[in-house]
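*Asks:* Here it is, the structure in full.
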Amino acid sequence: MKINLQSALKNEFGFDSFRPGQETILKNLFSHKNTLAILPTGGGKTLLYQMYGALSRQRVMIVSPLISLMQDQVSRLQYLGSKRVVALTSALDYQEKAVILKHLNQYQFIYASPEMLANEQVLRQIKSLNIGLFVIDEAHCISEWGPDFRPDYLNLGKVRHALGNPLTLMMTATATKTVRQDIIDHLDLESTSVEQIVLPVNRPNIFLSAKILSGQQEKDQTLIDLVRQLHGPGIIYFSSKSKAEQAAVTLSSQTDRRVMAYHGGMDTQQRFHIQQQFMDGNLDIVCATSAFGMGIDKDDIRFVIHYHLPANIQSYVQEIGRCGRDQQPGLAILLYEPNDRYLQMNLIDNTIPDRNLLQYLYQHPKALTNEDQFRVIKYYYDHGYSFDQATAVFDHSRERRLSELTAMVRYVYHDGCRRDELLKYFDETLSEDQKNSAFCCDHDIDFWGHWQNFNDKYLKQSEKSVEYRPQSWHEVIDKLFLLKN
Amino acid sequence: MELSILLLIFGSSEQFRRVKAIKNTLRGRRTVSNLYWALQYDMLDFVDSLHGTGFGEDEVAVKQLKVHGLADTDDNFQFKLTAKGADQQEKYLSRLLPLKYLALGSRYDVAKFMRRFSFAVQIVSEFSYTNNKYYPQSINYFEDQLLKRWFVQTKHTDLPAQFHQLLNGFLNGLANDELANLFVQSLVGHGFSGLTADQIATQAHSDVTVVNLEWLQTYGVLLERVLKLPNDNPFKMLTVGLEKPIIAQSAKETFEMFVHQENGSLNTIAQKRRVKLTTVYEHLLEAAIMLPVTKFPYKALIQPESKRHLEASHPVNVGSWTFEAAKQEIPDLSFFEFRLFQIYRSKSADEN
Ligand SMILES: [Zn+2]
């Protein structure tokens, strides 16, 4: 197929240029090559399959692990103009599922969770359709050695065969060589038949900094000082909903910035309003939980502050990647006080089953429902792992997480270029002439002594925040509906 | 919503009222016991009016009222408003629209209408700016489909102008700019992102619960307005399927079967309906509570003998008469007859 990708991008989607890697990946797909793409967050993953679907007029099936993620993607796809989109998830009730399955052929973009595809009835229905592109998002979930292993992902190789081996696009933000090989093996593909496209993790327009504080009080005060002055919009990440809410209240009262909390525990309508306000520039800052990504694509976020330590370097890189998508300077700040480490260790203890729980579940396997928290245990139980073997797997997993956490803490205390330290985990190095020491990290310049100057020099106030906003109800309805004549 | 505020609104300074019964009435738990107390508290119009709303713990709410001297409580989670509580109630009632606009939620799913309307505003607002790059609100599959169909069928009718006109008329009709300003903040559209209830409450130094009640009430007023429009009006379709039955479907079927086969035995009905006899009693009691007193065949269900005994021995306040006390007077009295009699007397007193 001969297609002018550049002009299609402009005419059909209104973008002037591709993001790095997008064009190469699309060319691969149009020449029918299975592709494994390692793209950083915000690298425009959605556009890839959306554009392929739109130009080839084929049906696209996307496997994605989390409901919240899928809903975000559905709305993003709709935002970009595709309306024939549906998501098959466990969030649907019985009736909705029945109706959607019956009319599945009306949709061009079908999202499904891997659990859904394990269902015979669902798979039968999908088999009756022609799938032109099979997309596996967050493909690293397929690897038992990866941090987010989802046993249901192992089934996807079979699903792919059942669908008649359609063209396949595997995508993830970060994956080591081992994980990449795992993805290809588990999908029953030949390494030689898969094109791998690995994009650099480095984001030169994001300045890296971290500050070690004596305790929570000092950390809170530092956060207030930063928020008072930093030119927004910005995101502050927390590892708990309650702390995010608390901070939003404090920051609203202690600064003149407009701050709201945003997390999965809030009702959808409320979240929608906040998301929309942030998009429109009516909010300066959101206090978010790291587990809950915003579905929106906001290009002009200027800073990301981590109030709590992220679980690992991969998550950290993903989360700071939300700022500076417009390629303008952005700022990443990590605030740390020694107790933060224990907070993360508690989180690890809470997510990995301990020996007692494991023993109980092995003795009472009926309790191993499909509940999310037991999914992984159930997988090992069903696959004949003995109690000792399963214990070893989880012990190993705990150790790995602890060592990832150690690496994260090492980043905070690192006495050298932070960029080098971050990129080390992705086997990426920068030569001296690829670096800009004036805009790199707080090791290379005295950032903390002069951050106000940095702020004034690099972080540009968004134009959106000064737009006219209607106040009275008369003005609001006049603004809402643009009347001809 | 904060339960303590609802308790103040629906409490009484003359009668001890059950916290649980008020909460369950508002969220539509239709047990005979709840409905019976709703009748005694004059709350039948509010059954299910706050369906799906989360409330806090009973204990916490009651404690809060007590600590602030707003209510007295007894050991059975019943409470009665103090003079200060009655004052506070008065303040809420004067701030809110008449409660009948909240009661509308008992007959129509106002919360669903609110989400539909707000989504429709977004669609039409972006349409009026010929923009199709936006994040749609999305409710759930069926609601999204309804909105899609509605838009396809009506977009040729100059919707932006129609919306403007509807809202202008409605908001002017409220004759309360403060409330009208609050209403429009529930909307989202092109370049306008509204406010959350929390944000409004903070700005207006009000309670989030009060803001949410005000939203429900104003949407109630709007819904009434839309329901009165002619059937071919484009807004009419946004009210499809919002109506709620007054009596639960299965109770209704039992009741109708009883009415049709005059004086048929309740055992036969239980067999035909494949339910327990006690369930038949419950269904009939629900019908008795929810229907006007003249629409229910009390005579056929309370034996003349029992009726005579009941009339002779009931205390002045029939509503709080306990079955145990009644049994002392009338040893072979059944609970079913006893409750029916209570309902009959309470409703007759109300309707006179
Ligand atoms: Zn550096």
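The values are calculated or read from the model by the stated rules, or taken from the named source; none is laboratory data. Just so it is clear, the structure is predicted and the values come from calculations on it, not from any experiment. Please note: Cβ atoms are built from the backbone with ideal geometry, for glycine as well, and neighbour counts cover all protein chains shown. SASA here: full protein model, heavy atoms, side chains in, ligands and nucleic acids out. Shrake-Rupley method; radii C 1.70, N 1.55, O 1.52, S 1.80 Å.
*Asks:* Run down A:Ala311, A:Ala367 and say which single residue is over 30 Å from A:Gln78 (Cα atoms), open to solvent by 30 Å² or more (accessible area, probe 1.4 Å) and assigned by TED's automatic domain parsing to the domain that holds A:Arg469.
*Replies:* Working: A:Ala367 fails: assigned by TED's automatic domain parsing to the domain that holds A:Arg469.
On inspection, the qualifying residue turns out to be A:Ala311.
*Asks:* Among the residues in the range B:176-197, are any assigned to a strand (DSSP E or B), under 28 Å from A:Lys484 (Cα atoms) and within 12 Å of chain A (Cβ to nearest Cβ)?
*Replies:* Initial filter on the range B:176-197 (assigned to a strand (DSSP E or B)): B:189, B:192.
Those still in the list that are under 28 Å from A:Lys484 (Cα atoms) too: B:189, B:192.
Narrowing the set further to residues that are within 12 Å of chain A (Cβ to nearest Cβ) leaves B:189, B:192.
Within the range B:176-197, one or more residues are assigned to a strand (DSSP E or B), under 28 Å from A:Lys484 (Cα atoms) and within 12 Å of chain A (Cβ to nearest Cβ).
*Asks:* Here's a follow-up. Using beta carbons and a limit of 6 Å, which pairs, at least six apart or on different chains, have the first residue in the range B:54-65 and open to solvent by less than 90 Å² (accessible area, probe 1.4 Å) and the second one of a type in the set (S, T, N, Q)?
*Replies:* Every condition considered, the pairs that remain are B:Ala61/B:Ser4; B:Val62/B:Thr73; B:Gln64/B:Ser4; B:Leu65/B:Ser4.
*Asks:* Output the residues belonging to the range B:53-92 that are more than 23 Å from B:Glu214 (Cβ to Cβ) and touching a His at 6+ places or on another chain (Cβ under 9 Å).
*Replies:* Answer for the range B:53-92, where residues must be more than 23 Å from B:Glu214 (Cβ to Cβ) and touching a His at 6+ places or on another chain (Cβ under 9 Å): just B:Lys84.
*Asks:* Oh, and also: Exactly one condition in (1) within 16 Å of the ligand (Cβ to nearest atom); (2) of a type outside the set (Gly, Ala, Ser); (3) open to solvent by less than 60 Å² (accessible area, probe 1.4 Å); (4) part of a helix (DSSP H, G or I) is false for A:Arg400; which is it?
*Replies:* Of (1) within 16 Å of the ligand (Cβ to nearest atom); (2) of a type outside the set (Gly, Ala, Ser); (3) open to solvent by less than 60 Å² (accessible area, probe 1.4 Å); (4) part of a helix (DSSP H, G or I), only one is false for A:Arg400: (1).
*Asks:* Looking at the range B:200-213, which of its residues are surrounded by fewer than 16 Cβ atoms within 10 Å (Cβ to Cβ) and either small (Gly, Ala, Ser) or in the same structural domain as B:Thr31 (by TED's automatic domain parsing) (or both)?
*Replies:* Correct list: B:Ala204, B:Ser206.
*Asks:* Can you tell me which residues in the range B:280-301 are farther than 11 Å from B:Phe255 by Cα and either small (Gly, Ala, Ser) or open to solvent by less than 10 Å² (accessible area, probe 1.4 Å) (or both)?
*Replies:* Matches in the range B:280-301: B:Ile289, B:Ala300.
*Asks:* If you don't mind, another one. Quick one: how many residues across the range A:316-336 are surrounded by fewer than 20 Cβ atoms within 10 Å (Cβ to Cβ) and part of a loop (DSSP other than H, G, I, E, B)?
*Replies:* Going through the range A:316-336 one residue at a time, the tally reaches 4.
*Asks:* Could you give me the residue pairs with C-beta distances under 7 Å whose first residue belongs to the range A:413-437 and is within 16 Å of A:Leu199 (Cβ to Cβ), whose second residue is more than 10 Å from the ligand (Cβ to nearest atom) and open to solvent by 100 Å² or more (accessible area, probe 1.4 Å) wherever it lies, and which are 6+ apart or on separate chains?
*Replies:* The qualifying pairs are A:Leu423/A:Thr429.
*Asks:* Residues of the range B:184-208 being closer than 15 Å to A:Asp478 by Cβ and of a type in the set (A, V, I, L, M, F, W, C), which ones?
*Replies:* Result: B:Val184, B:Leu187, B:Phe192.
*Asks:* Still on this model: Could you list, in sequence order, the residues of the range A:415-455 that are among the β-branched types (Val, Ile, Thr) and either more than 16 Å from A:Arg203 (Cβ to Cβ) or within 9 Å of the ligand (Cβ to nearest atom) (or both)?
*Replies:* We begin by selecting, within the range A:415-455, every residue among the β-branched types (Val, Ile, Thr); these are A:429, A:445.
Of everything in the range A:415-455, just one residue is among the β-branched types (Val, Ile, Thr) and either more than 16 Å from A:Arg203 (Cβ to Cβ) or within 9 Å of the ligand (Cβ to nearest atom) (or both), namely A:Ile445.
*Asks:* Further question on the same structure: Could you run through the range A:100-119 and say how many residues are open to solvent by 50 Å² or more (accessible area, probe 1.4 Å) and either of a type in the set (A, V, I, L, M) or at pLDDT 90 or above (or both)?
*Replies:* Of the residues in the range A:100-119, 5 are open to solvent by 50 Å² or more (accessible area, probe 1.4 Å) and either of a type in the set (A, V, I, L, M) or at pLDDT 90 or above (or both).
*Asks:* Shifting gears a bit: Considering only the range B:265-279, how many residues are open to solvent by 20 Å² or more (accessible area, probe 1.4 Å) and small (Gly, Ala, Ser)?
*Replies:* 1
*Asks:* Would the range A:182-195 turn up any residue that is more than 16 Å from the ligand (Cβ to nearest atom), more than 14 Å from chain B (Cβ to nearest Cβ), closer than 29 Å to A:Lys457 by Cα and of a type in the set (Asp, Glu)?
*Replies:* Initial filter on the range A:182-195 (more than 16 Å from the ligand (Cβ to nearest atom)): A:182-195.
Pick out the ones that are also more than 14 Å from chain B (Cβ to nearest Cβ) and you get A:182-195.
From the residues that got through so far, the ones that are closer than 29 Å to A:Lys457 by Cα too are none.
No: zero hits.
*Asks:* Could you pull out the residue among A:Gln461, A:Gln471 that is of a type in the set (S, T, N, Q), exposed (fewer than 15 other Cβ atoms within 10 Å of the Cβ), in contact (Cβ under 8 Å) with a residue 40 or more places away in the chain and more than 16 Å from the ligand (Cβ to nearest atom)? Even if it seems obvious, please write down each step before you answer.
*Replies:* Numbers: A:Gln471 fails: in contact (Cβ under 8 Å) with a residue 40 or more places away in the chain.
From the options A:Gln461, A:Gln471, the qualifying one is A:Gln461.
*Asks:* To continue, here is another question. Can you pull out the residues in the range B:111-156 that are more than 8 Å from chain A (Cβ to nearest Cβ) and not in a helix (DSSP H, G or I)?
*Replies:* B:Thr130, B:Asn131, B:Ile139 - these are the residues of the range B:111-156 that are more than 8 Å from chain A (Cβ to nearest Cβ) and not in a helix (DSSP H, G or I).
*Asks:* Separate question: Being at pLDDT 95 or above and open to solvent by less than 30 Å² (accessible area, probe 1.4 Å) is true for just one of B:Leu216, B:Leu229. Which residue is that? Explain how you work it out, then say what you get.
*Replies:* Values: B:Leu229 fails: open to solvent by less than 30 Å² (accessible area, probe 1.4 Å).
Being at pLDDT 95 or above and open to solvent by less than 30 Å² (accessible area, probe 1.4 Å) holds for just one of B:Leu216, B:Leu229, which is B:Leu216.
*Asks:* In the range A:43-57, which residues are modelled with pLDDT under 85 and more than 14 Å from A:Phe18 (Cβ to Cβ)?
*Replies:* Answer for the range A:43-57, where residues must be modelled with pLDDT under 85 and more than 14 Å from A:Phe18 (Cβ to Cβ): there is none.
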